[in-house]
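Have a look at the structure below before the remarks.
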Amino acid sequence: MSELTYDPDIPATRPTPATPPHRKRNRPHPNGILLVVLGAVFMALLDATVVNVATPTMRTDLHATGSALQLIVAGYTISYAALLITGARLGARHGFRTVFLLGLATFTLASFGCGLAPGAGVLIGARVVQGIGAGLMVPQIYSLIQLTFEGRARARALSLYATVVALAVVVGQVAGGLLVSADLFGTGWRPVFLINVPVGSALLVAALRLLPRRTAPSPKGLDLPGLLTLTTALLLLVVPLVLGREQHWPRWATGALIAAVPAFALFVLVERRVARRGGAPLVPGRVLRSRDLVCGAAALFFSMAGYAGFLFSFSQHLQSGLGESAIRAGLTFAPLAVGVATGSLTWQKLPARWQLRMIAAACVLAAVGYLGIGLTLRAGGRGGLVLLVLQLLWGLGLGYTTSPLLTLALSGIAPDDAADASGVLTTVPQIAQVVGVAAYGSVFLSLADGPTAAAHQAAASVPAAAASAAALHATALPVAVGALLGALALVPLLRGRAGKGLAAVNRAGDK
């Protein structure tokens, strides 16, 4: 694997007619830049998972209602997902470094507010602000990677990014369980948020020193009509998906989901009008006309939806069905983490002409992992060594899918469009995970906890573990079908050039 290379077009400091030799030696190394941005995204994504483990303690300590707990968990996800594309445009307009630092500082301060919150209302508000900080921070990461690295170095950086994204969910369950169980100084759930304060502060100091400065802001405007219509459409989609399942899909949730369709259609019309009038659409048409981005984003959607939905269902089975602790349930996914890391960091070693076919094959491998886990656990057992192997296959399928898809999706994007493409590529996986948990999670819970399952258990004396295992087995089938749809999304590229897209990216790094 080639060494990471620094892009000289993104200077660490403003250039001067004559730069002293000692300043050249102090130019930030790209590995330092990568470490900062990956640390930030890991912290942001970890926070979306770690809170779930702490909710029982929060309910007791804050005397929170079920609806308040939902908003504590969901407030972060809703504000985060709704702001990603807007955050990308703000980065292009005001500088990726500036907006990244603003988002990181907001996230860190909001984490401090969460940790000290005296009641559920304050905690909900702080969680929303946390999500705003993440929504400003995370979109800049794609842009910084796109503009700092080239060729193989960029592909490696995106592989590390994908590894961090996948592992944050698994680590979050273990970290949350450890922090809550430790009950440091009698603080209960509060360290779940307070741990972000020293970490975020350290990242802020490092980011101030290492992140490259933009020499000139982008001339693109903010596109307020597009911002308003897109934010409305995303909220109509995300809010019911996040809150609807817990409230048994009330009418407002169904109505909001239906209304999301014309809202997105209105956004398309607004963007076309902005383009006709010579403005700068929030999502330019040339970005969406990139076949690599469209097909890659579609495959990424199915991959991440299946991953999040099955991980949620599997975790519920381990903790509710088998009675595992949050820590032990999290550690059960260690082979999955190994598989993801292995696939993400080794896919470039394959010949370039195979890499596009490799992604499609990896989608199939993930589907095999889902079905295999469902079959292995359907009798209510713990799976033993077979489960470890199947999780490894699942992880390899995810690793050989997600990382190269990010490289593929960005391969045809010009540097000037990096911010807009990054907004799309950060929003797609986030929406996919929300959809996956809502859709696949609802299938699992309706079978494991629904009235039919309860009646069956009462009549046949079926233990809860067996009912949960049967629900996981049934959930595995639609998840596997979704993974196969990810492979089908790549068919237009397979027919067109069979791997030349990724090959071209890799060759660029060798020039």
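The values are calculated or read from the model by the stated rules, or taken from the named source; none is laboratory data. Just so you know, these numbers come straight off a predicted model, no measurement behind them. Heads up, the Cβs are rebuilt from the backbone with ideal geometry, glycines too, and the neighbour counts pull from every protein chain shown. Each accessible area value is taken on the protein alone, full model and side chains, heavy atoms only, with ligands, DNA and RNA left out. Shrake-Rupley method; radii C 1.70, N 1.55, O 1.52, S 1.80 Å.
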> Of the residues that make up segment 295-317, is at least one without any contact (Cβ under 8 Å) to a residue 24 or more places away in the chain and open to solvent by 10 Å² or more (accessible area, probe 1.4 Å)?
Replying inline: no
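Results for (1) of a type in the set (Phe, Trp, Tyr); (2) at pLDDT below 90; (3) closer than 30 Å to SER446 by Cβ; (4) in contact with a strand residue (DSSP E or B) (Cβ under 7 Å, 6 or more places away or on another chain), shown as yes or no for each residue.
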residue: SER201; (1), (2), (3), (4): no, no, no, no
residue: THR215; (1), (2), (3), (4): no, yes, no, no
residue: THR231; (1), (2), (3), (4): no, yes, no, no
residue: LEU234; (1), (2), (3), (4): no, yes, yes, no
residue: VAL238; (1), (2), (3), (4): no, yes, yes, no
residue: LEU257; (1), (2), (3), (4): no, no, yes, no
residue: LEU269; (1), (2), (3), (4): no, no, no, no
> So which of ALA74, ALA48, ALA64 is open to solvent by less than 20 Å² (accessible area, probe 1.4 Å) and in a helix (DSSP H, G or I)?
Replying inline: ALA74
>> Cβ-Cβ under 6 Å, sequence separation 6+ or interchain: first residue in segment 419-448 and under 24 Å from GLY75 (Cβ atoms), partner surrounded by fewer than 22 Cβ atoms within 10 Å (Cβ to Cβ) and of a type outside the set (Phe, Trp, Tyr). Which pairs?
In response: ALA438/ARG245; SER442/ARG245
>> Restricting to segment 98-144, and then to whatever is closer than 30 Å to HIS63 by Cβ and not in a helix (DSSP H, G or I), can you tell me which residue is most open to solvent (accessible area, probe 1.4 Å)?
In response: PRO118
>> So, LEU178, is that one open to solvent by 40 Å² or more (accessible area, probe 1.4 Å), assigned to a helix (DSSP H, G or I) and touching a residue at least 24 places away in the same chain (Cβ under 8 Å) or not?
In response: yes
> Among the residues of segment 343-364, is there at least one that is of a type in the set (Val, Ile, Thr), open to solvent by less than 10 Å² (accessible area, probe 1.4 Å) and part of a helix (DSSP H, G or I)?
Replying inline: yes
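Based on what the data block shows, is ALA155 of a type in the set (Gly, Ala, Ser), open to solvent by less than 10 Å² (accessible area, probe 1.4 Å), in contact (Cβ under 8 Å) with a residue 60 or more places away in the chain and in a helix (DSSP H, G or I)?
yes
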>> One residue is enough: does segment 244-252 have a residue meeting the conditions among the hydrophobic types (A, V, I, L, M, F, W, C) and under 23 Å from GLN430 (Cα atoms)?
In response: yes
